[in-house]
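Structure record follows, encoded as structure tokens.
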Amino acid sequence: MMKKLLILNLFFLGIVGCVAPKADSAPPKEATITANVQQVHIDGGAYFFKPNHVIVKVNIPVELIVKVESGLIPHNFVIQAPEAGIMVKESLSSDAKTIRFTPKAVGKYPFYCSHGLPFVKSHRERGMEGLIEVVE
Ligand SMILES: [Cu+2]
């Protein structure tokens, strides 16, 4: 447990230590398991999710606690992975929203924001996407 906390602390220090951490250079975020629920906090905005690579264990309930920076741009959080029992589409705000599911199959599944306007790059194309990695 102490080791896990230490790793978590180092992770946050790493984030704070970088002036502008490039999203895809950050290490993947492992879920914190408490009382048989795996919790991960994800922050989003124009146009990112941080962390953008989350690792969870199969067959253990997951709680993603997701919020986005305040502003007028609407964002949502989508995972379409029926093969893993994960079907999520939730609108987001600056109030944290808890998204619950239990991953049923090992694999890598994308999450993203599906917003965007016709004829311009979607939020996903601009970087609002990430990966849920489900492991044994
Ligand atoms: Cu968006």
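The values are calculated or read from the model by the stated rules, or taken from the named source; none is laboratory data. These figures come from a predicted structure and were not determined experimentally. All Cβ positions, glycine included, derive from the backbone under ideal geometry; neighbour counts span all protein chains shown. Side chains are part of the model used for accessible areas, which takes the heavy atoms of the whole protein and leaves out ligands, DNA and RNA. Shrake-Rupley method; radii C 1.70, N 1.55, O 1.52, S 1.80 Å.
Of 43, 95, the order by accessible heavy-atom surface (1.4 Å probe, DNA, RNA and ligands excluded), from most exposed downward, is 95, 43. Other residues with beta-carbon under 12 Å from the beta-carbon of residue 84 carry, at +1 per Lys or Arg and -1 per Asp or Glu, a net charge of 0.
Given their separation in residues at 0.36 nm each and the Cα-Cα distance between them, residue 114 and residue 102 gain 2.1 nm when the chain is fully extended.
Averaging sequence separations of C-alpha pairs under 8 Å and six or more residues apart, then dividing by the length of the stretch 23-135, give the relative contact order as a whole percent.
Details: 280 pairs, mean separation 31.8, N = 113.
For the stretch 23-135, the relative contact order is 28 percent.
Once backbone amide H atoms are built at 1.01 Å from N, residue 62 has 38, 101, 102 as its partners under 5 Å, excluding neighbours fewer than 5 places away on the same chain. How much of the DSSP bridge set in the stretch 23-135 is antiparallel, in percent, rounded to the nearest 5? Here the antiparallel bridges make up roughly 65 percent for the stretch 23-135.
With a sphere of radius 9 Å drawn around the Cβ of residue 67, what net charge do the other residues whose Cβ falls strictly inside it have (Lys, Arg +1; Asp, Glu -1)?
Values: positive: 97; negative: 43, 69, 95.
With Lys, Arg at +1 and Asp, Glu at -1, the neighbours total -2.
Convex hull volume of the Cα atoms in the stretch 23-135, per residue, in Å³?
Spread over its residues, the Cα hull of the stretch 23-135 gives 93 Å³ apiece.
Each residue of the stretch 119-136 was assigned a 3J(HN,Hα) from its phi angle through the Karplus expression (A = 6.51, B = -1.76, C = 1.60, θ = phi - 60°), giving 6, 10, 4, 6, 4, 4, 5, 7, x, 7, 8, x, 10, 9, 9, 9, 10, 5 Hz with x at Gly and Pro.
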